[in-house]
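Here's the structure, in structure tokens; my notes come after.
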Amino acid sequence: MTTPVRTIEKFEQLAAHLTEVCRRFYARGWVQGTSGNFSATVATRPVDLCITPSGANKGALAMTDFLLVDERGRVRMPLGFKPSAELPLHLEVVKQREAGSVLHTHSVWSTILSARHREEKGLAIEGFEMLKGLEGVKTHAHREWIPILDNDQDMTILSARVRDVLQADAAAHAFLISGHGLYTWGKTIGEAERHVEILEFLFEVTGLAGIRR
């Protein structure tokens, strides 16, 4: 099936934007090695995603490395390449939240806190002015609950856990996967990037505060 020119143009614009995000996050130590994966929604009904390829160093990605995939996970272009293994999680977030972008980082603090609070099934953060950077939050008194999911190498199992937690918590801006890192999203790449910046800041503050008690 031929990909419409309008779809290709939007895909290229999103790939260029995500390339910049990859480099910024890599420089901040949030996606070292081949960790992390990023996507943006090219089309809805049916869904098409622009997503990072499998096993890529995010600091060295070019916009031509991104893949266009459909809602079944099939690569539309360029053919012969493999998308991120965690594509099913991105598709589930898009489905549940109508997200325009889904970003997954793998920072030191998100990894530590996701393991430290695994038994609690989540992490509560409240009382910080930076919380107002999350979409819809108007006060520092807000209590943000970030669910923590058990990790699994079976993406069918893991995407089902994502579906369940997002359906159970309509207010969640993000979730953590234990020992693995952060997933967050937004209506646009810019909003999702802001959520990463806010949450990674809060993770570091929370983690350092725990050490100094």
- Among the residues of segment 166-192, which ones are part of a strand (DSSP E or B) and closer than 11 Å to residue 99 by Cα? 184, 185, 186
- Task: For residue 115, state whether it is under 19 Å from the mean Cα position of the chain (by Cα), closer than 26 Å to residue 23 by Cα and not in a loop (DSSP other than H, G, I, E, B).
- Result: no
- Just a yes or no: is a residue in segment 81-89 farther than 24 Å from residue 176 by Cα and without any contact (Cβ under 8 Å) to a residue 40 or more places away in the chain? yes
- Message: Among the residues in segment 6-22, are any touching a residue at least 24 places away in the same chain (Cβ under 8 Å), surrounded by fewer than 18 Cβ atoms within 10 Å (Cβ to Cβ) and within 18 Å of residue 183 (Cα to Cα)?
- Response: no
- Restricting segment 48-80 to residues that are in a loop (DSSP other than H, G, I, E, B) and crowded, with 17+ Cβ neighbours inside 10 Å, the one modelled with the lowest pLDDT turns out to be 56
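The values are calculated or read from the model by the stated rules, or taken from the named source; none is laboratory data. Model, not experiment: these values are computed from the prediction. As a convention, Cβ positions derive from the backbone with ideal geometry for all residues, glycine included, and neighbour counts pool all protein chains shown.
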